[in-house]
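Below you'll find the structure, written out as structure tokens, and then a few comments.
The values are calculated or read from the model by the stated rules, or taken from the named source; none is laboratory data. Keep in mind that this is a model prediction, so the values were computed, not measured. Counting neighbours? That spans all protein chains shown, and the Cβs are built from the backbone with ideal geometry, glycine included. Protein only, heavy atoms only, side chains kept; ligands, DNA and RNA dropped before computing areas. Shrake-Rupley method; radii C 1.70, N 1.55, O 1.52, S 1.80 Å.
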Amino acid sequence: HYVLEVISEETNLRRHPRVDLDVALKIQGQTYRTRNVSLYGVLIEGKTPWVSGTRLEILLSVEDGARLNLKGEVVAVREADVALRVRPVTDEDLLLWVHLILGELADSPLHGDFDPLADLFS
């Protein structure tokens, strides 16, 4: 519940540790690629037709075949990319999302010792 509560915050939390992750996202019938992800959002490569505040339904496909649904909102549009705040749709999506992010953080030379859930257990 804590993670779901934090993810649903209305502020832009993309400043939290990000990891390089190239995965496919299906949004409005189009395929996009991520540049990096954090527990709270994704950065999408390239131009999109969206403006800040646009709400989107996202299907993320991981290499192992897992697929998870995210609700997203555009929080920044730049020349080379678009930042989305995201929130998993179901409890299963939340578990997959946290598992994906924790796995990437554990493999990251910059964030290998970072624990995004530390506050929950302190």
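Among residues of the stretch 32-61 that are over 16 Å from Asp20 (Cβ atoms) and charged (D, E, K, R), those with a beta-carbon under 6 Å from a residue that is open to solvent by 30 Å² or more (accessible area, probe 1.4 Å) and assigned to a strand (DSSP E or B) at least six positions away or on a different chain give the pairs Arg55/Glu73.
Taking only the stretch 34-76 into account, find how many residues are more than 16 Å from Val98 (Cα to Cα) and open to solvent by 70 Å² or more (accessible area, probe 1.4 Å). Residues flagged as more than 16 Å from Val98 (Cα to Cα) and open to solvent by 70 Å² or more (accessible area, probe 1.4 Å) within the stretch 34-76 amount to 8. Candidates are the residues of the stretch 77-88 that are charged (D, E, K, R) and not in a strand (DSSP E or B); the one that is surrounded by the most Cβ atoms within 10 Å (Cβ to Cβ) is Arg78.
Residue under question is Val62, and the condition is that it be touching a His at 6+ places or on another chain (Cβ under 8 Å), among the hydrophobic types (A, V, I, L, M, F, W, C), modelled with pLDDT of 60 or more and farther than 13 Å from Ala76 by Cβ; does it hold? No; evaluated as a whole, the condition is false for this residue.
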